[in-house]
Number of protein chains: 4
Amino acid sequence: MVGNTFGRIFRITTCGESYAGAFRKHLDIPKELFGGLIAIVDGVPPGIKLTADFIQAEMDKRRPGQSEFDTPRQERDKVYIFSGVMEDDITTGAPVGLIISNDVIEDQHIQKHKSYREVVRPGQAGYTFFKKYGQFADNIGAGRASGRETAARVAGGAVAKAVLDTMGIDVIAFITEIHGIKAGKISYETAKANYRKNEINCPDLEKAKEMMEELRRIKEEGDSAGGVVEIIARGVPAGLGEPVFDKLQATLAHALMSIGAIKGLEFGDGFEHARMKGSESNDIPYFDESGRVRFKTNHAGGILGGISNGEDLRIRVAVKPTPTISIKQETVNMYKKENVEVEFNTRNDPCVCPRIYPVCEAMVRIAILDALYIAKGYRAVSQNIDPRWDFV
Amino acid sequence: MVGNTFGRIFRITTCGESYAGAFRKHLDIPKELFGGLIAIVDGVPPGIKLTADFIQAEMDKRRPGQSEFDTPRQERDKVYIFSGVMEDDITTGAPVGLIISNDVIEDQHIQKHKSYREVVRPGQAGYTFFKKYGQFADNIGAGRASGRETAARVAGGAVAKAVLDTMGIDVIAFITEIHGIKAGKISYETAKANYRKNEINCPDLEKAKEMMEELRRIKEEGDSAGGVVEIIARGVPAGLGEPVFDKLQATLAHALMSIGAIKGLEFGDGFEHARMKGSESNDIPYFDESGRVRFKTNHAGGILGGISNGEDLRIRVAVKPTPTISIKQETVNMYKKENVEVEFNTRNDPCVCPRIYPVCEAMVRIAILDALYIAKGYRAVSQNIDPRWDFV
Amino acid sequence: MVGNTFGRIFRITTCGESYAGAFRKHLDIPKELFGGLIAIVDGVPPGIKLTADFIQAEMDKRRPGQSEFDTPRQERDKVYIFSGVMEDDITTGAPVGLIISNDVIEDQHIQKHKSYREVVRPGQAGYTFFKKYGQFADNIGAGRASGRETAARVAGGAVAKAVLDTMGIDVIAFITEIHGIKAGKISYETAKANYRKNEINCPDLEKAKEMMEELRRIKEEGDSAGGVVEIIARGVPAGLGEPVFDKLQATLAHALMSIGAIKGLEFGDGFEHARMKGSESNDIPYFDESGRVRFKTNHAGGILGGISNGEDLRIRVAVKPTPTISIKQETVNMYKKENVEVEFNTRNDPCVCPRIYPVCEAMVRIAILDALYIAKGYRAVSQNIDPRWDFV
Amino acid sequence: MVGNTFGRIFRITTCGESYAGAFRKHLDIPKELFGGLIAIVDGVPPGIKLTADFIQAEMDKRRPGQSEFDTPRQERDKVYIFSGVMEDDITTGAPVGLIISNDVIEDQHIQKHKSYREVVRPGQAGYTFFKKYGQFADNIGAGRASGRETAARVAGGAVAKAVLDTMGIDVIAFITEIHGIKAGKISYETAKANYRKNEINCPDLEKAKEMMEELRRIKEEGDSAGGVVEIIARGVPAGLGEPVFDKLQATLAHALMSIGAIKGLEFGDGFEHARMKGSESNDIPYFDESGRVRFKTNHAGGILGGISNGEDLRIRVAVKPTPTISIKQETVNMYKKENVEVEFNTRNDPCVCPRIYPVCEAMVRIAILDALYIAKGYRAVSQNIDPRWDFV
């Protein structure tokens, strides 16, 4: 694989897969690191307060086993700060290394996964991994294509959060639709107040009940459901994004579409624009009382001409149903080169939305901070400003 | 600006804006280049047949003034091959330089645009360009934020097409929705046969008539409309895309979302996944009679686990209505710092879809060819294959 | 080719080769552009004064035919500013496109070059281009491997100079050795005062006479000579360079070693360090009267730990003798696959040093400005400074 | 810091510093990881045999405490393979994560280093780190600027070695000069046979004795010495390197000059070219008996026109004396802003050459493998070759 780094200046690089480490447990890894992940976060500014607890709080958002809608699989996901932070919990400017442990893999699961080795699980990466990596592909428990990989993104995103917090930039993601049941329009304030009040992270608390009822029904069928996650970023200054190819929506789209289960995204009114007229979709600017330019509406989702305009970024992403289901399906055995029928009995989430929302938060934070570095560097050079440390 | 290059190995870099060159016509540019654009295409393989006529044919797809739904503005958009090709029209491996002329800018338009200099046009990049580039922003005729910039992408995409043609990879884009009027489901074959048979490039020839009727009505109002463009790529081999951050859908999303007017995109069934169950959305693989793995459906749009699976890539993008309309709108005068009301009288397309589809084709071609280089390099190294020229 | 862009934020992309355009003159290029080059300079800040004359002054430094030691070949090398600058000669922030014309290619030279097509010229890129690009390689007049390509770098470097001038950063390069004849130690002030006072750009005006005498002798033999170019950058602020892999000396080395004729480089005392003790090579810091830290010596050449320390950058590069000589040499005919003996009768410089020094200046300027963007962006984020335009 | 990744396709990303982890030992890192380093190696092909022992063998080359000329400091430098390898020791294509432990940091050393916190050590990165990262810089034991960081490069380079070994590409580095005492000309065969036969890794076994004698003398003075390391890469195919900015010598120079102590480098005859004539420096090609083109000499060091020519790559780098010496030196106290005089009592190598040679090997291997990916991808696309796994 050659695409395990994201970002231009603020950069995250990750490694680790669902089970490969576990297979080697007799060999050379300390027990704490079985089945673990690593994220190296580069471009972290010096002087930021960063503790393992702060990162752990983000990690815990995506940890499975928290509700009836998660996989009952246990992953401890404990984060260790390995480098880049001094004894007083302050970053030094050196790359922050994060290790995420996962020490509760049991042999029975490994054996079960091994038994599926030859058979492609519909909707999963097994087939394309065989095409790309041949017989050497880590096709046990999905390997690098497992959703588990996203835990490292959340850890890296938490570092971005620590920086963005100092600038008053807040990113939240929440569920607005599951299997066709849609929440009403949700403000930033409502989302912020409510999005962690139920097990599916939907701030429309009434609609959430319907969604949960629906999920229970689908789970009983052994099936799974898709949904929609919405992301709002408040406090993003105007000026981020680099025309013409690295427009802010382009790098954000890259960041979000790199999450496996996402099949679509839209900014602001998104596909609704196809049903609008220019006189309806144009956001009208005006000087507010403080002399700042604001917009009367936000159909654009906070981006104009590829550059943030100071309004909330609003993004929605479509999440496909979990591909692993407990229903018999036709498929292929790649080794025997024959069509087969199988029912997989692994543990999985009936809907990944409640686990994917913190990954969306993480990727948006990383992309925004990366854009900030470039925009600030560009403006600092343009205006011949040379920020210096008071100290020296 | 710092984002004017796209691609990792196969790379396009562009410059040029709508009017800046024209303002300098008394100064130092040969007349042929007034208001022109340049694309440098890097990573072009040697030995490919490439003529200006071939590129021109792609350029002519997006040239305005072709129908009643285009801006009546004339842009000649003639392409010159500047470098990288020898006398026998064969590429050498050197970067291909392309110059696109635009010699019909008339002073009256420049004067009109100048008169709008201080005023933000709602829905356009003027405001954010002021925030990013200050008073120096080229805010006349939209400058670098003008859709005109995309002509250089189409020229570059034509070079990618010349290469992909040798591999049997075909990319087409066409209109499937305008202002809420939707075409029926369109196969690759129908699209290929019909998409250039009407002025709005919609292969559903019946529905297209309704769309055109609607556009006429909206144009009379001085308003504009949004729509949806669909892209199909046939012949893409399995194995393209680099997990975990440079998945094929991530780099394609980056490529497409960098086009100014696009506000959303989806792969395969896209947002419909939010209304599906796993048992519905999983594409079932099988060995066909020739022993090749195919899929019974293509809900995924040709990508699994971030890697192409050999089926058609299917992507849909949402296009916002042209922001420049001939209706009075409120806005701000940035220089006088006051709220104003204006009606802009520039010439514009009532719907950009018929001009944006070749840009979509171009960007998808560039992204696919770039992914091909990386995937092939990766596999050539993995298998210790060293392709050599017979010649040496 | 896939390496025609240099820089991370401030970026130059070039195309064009010595003769390819010329072969196509009947085809599709305006006469002004025969045999020309293009540079697209991305990341240019808005608000910088930039005229074609300013760039031309840099171009004229490397133009051949200026002295008896240059090739008598005529290249007009006229620069056109194509984009990114408005009517008042002020940059807008859009990428600056530069076209360099070369309209004096004569058919007789093309015919002569064609006659050499099959034969590898010792010391030149012909053989490796055949291996890399096969029979399609532009092997006439060296194509993209010609020193002519560097004219585009000089044009791009002039744009960097326009920016660095506003910051008081000055880069000069000059000759300190030719065919073993070494100039004495030269201060920045002497170099600045004298380096353009003779035809070989050596500020040691006495030693320069010896060098010129030697060059005349070598030229009469039909041979050529190597030399050393020294580069000094004054006014570079402390803090540039990004450990651990993009240390300032690493990106500067990348920039300079990308110039074809350069075979070695050293920072500060360079290889002399191999003969020194730590007590001799350590530069001792002290607070000067103004309270600023300075260093008593500059053995390090202005870089410590991969980061600029505020002292002059001092770099020396070794330039190999021009490979094309008028002496019979053995070589190979690639088409006939046989060993042959040839004497090439093309016109060339007996020493490229007087033409390569402005290329060194250009590449160092580009690398420094690129490093400035990254360092300033990093510090602006670290200190939560948000440079804003007064205007908005 | 933002430069902790090297490579375009084959990429290494590292983190970790000399003591930061140790300071946090009470906090959150398992004991095995105190003071450790991480390398994530991306772009590793699937199907390669890779064991911790294989990597450890490379690590052990640079481990201190092996001779009287090393620092007596103990660093265990044990490598753990964290990810990317399955139970049968075969790579999967997933990024290979490597953790390097260092569990023998003792409190007394930490305390000693803390006592130096305010004072700049001449010749080291302390001053520039203060300028770049302010008071938050990890200025204890050199932090990220410590030579210790290079252990992660060696681990990553060992992964590159495992791949290059399958292709018959061999890279070795050895010492050819210490404090002015120069070895004679050394062939690849001699170097290979002898370079690990003495404690300073100099294959000229006679001259090595003189060098060691000299080092003993200098060590007694409390001083240190510089030297020269030579690198030879055999078996590199013709065709690597991407003109015009990513020529092979440019990316190799970037790779090598990123090693802190290196102050100069040269390819082939390097600076000797400044004393040569074209008729002397041109390497004459000929068809050998097998019909392959070879060169009669290798003044160029295996690179022509920025592209490997199939001959040995030969590179020499100048290494500065270890800056930390046991002799009283003047310097500055950054906190008190005053000039001071200090004698540092830390343990250090009198010459880093014997520890830096494996780092040179590692960086050259990484740069060559990265160039291989790009060249092979380029040729595979150019020739429309699609390497496929037999398996699928």
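All of the numbers you see were taken from the coordinates with simple rules; none came from a lab. All values derive from a computational prediction rather than experimental measurement. Positions of Cβ are generated from backbone atoms using ideal geometry, with glycine treated the same way; all protein chains shown enter the neighbour counts.
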* Structure fact -> Helix A:248-257: inclination vs chain A longest Cα principal axis, degrees, rounded to 10, gives 10 degrees
* chain A shape via C-alpha gyration tensor axes, a/c threshold 1.5 -> oblate
* Structure fact -> What a careful reader reports for the chain C Cβ nearest the rotation axis onto chain A, distance rounded to whole angstrom, is C:Gly377, 1
* Asked: Within straight cross-link reach of D:Lys185, meaning Cα distance under 20 Å, which lysines are found once same-chain residues fewer than 8 apart are removed?
  -> C:Lys263, D:Lys197, D:Lys207, D:Lys209, D:Lys296
* **Cβ-based net charge around B:Asn4, under 10 Å, with every Lys or Arg adding one and every Asp or Glu removing one** => -2
* Take the alpha carbon gyration tensor of region D:126-175, find the square roots of its eigenvalues, order them as a ≥ b ≥ c, and report rounded if a/c is under 1.5; if not, report prolate when a/b exceeds b/c, else oblate. => prolate
* Asked: By how many degrees, between 0 and 90 and to the nearest 10, does the Cα long axis of helix A:52-62 differ from the longest principal axis of chain A?
  -> 60 degrees
* Asked: Under 17 Å Cα-Cα from A:Lys78, which lysines qualify once same-chain neighbours fewer than 8 residues away are excluded?
  -> A:Lys31, A:Lys61, D:Lys25, D:Lys31
* Mean ellipticity per residue at 222 nm, deg cm²/dmol - from DSSP H runs of n ≥ 4 across chain C, formula -39500 (n - 2.57) -> -9000 deg cm²/dmol
* **Dipole magnitude of region B:5-382 about its Cα centre (Cβ charges: Lys, Arg +1; Asp, Glu -1), debye to nearest 20** => 660 debye
* Tell me, what is the FRET efficiency for C:Glu213 and C:Arg76 to the nearest 0.05, using R0 = 25 angstrom and their Cβ-Cβ distance as r? -> 0.20
* **Relative contact order, percent, region A:192-289 [alpha-carbon distance under 8 Å, six or more residues apart]** => 8 percent
* Asked: Any idea what the relative contact order of chain A is, in percent, if you count C-alpha pairs under 8 Å spaced at least 6 apart?
  -> 20 percent
* **Least to most buried among B:Thr51, D:Thr150 (fewest other Cβ within 10 Å first)** => B:Thr51, D:Thr150
* Could you work out, residue by residue across B:228-240, how many beta carbons of other chains sit within 10 Å of that residue's beta carbon, and then give the average as an integer? => 2
* How far is helix B:353-382 tilted off the main Cα axis of chain B, in degrees rounded to 10, range 0 to 90? -> 40 degrees
* To do: Among the aspartates and glutamates, select those whose C-alpha is under 13 Å from the C-alpha of B:Lys336, and discard any that sit fewer than 8 residues away in the same chain.
  => B:Glu118
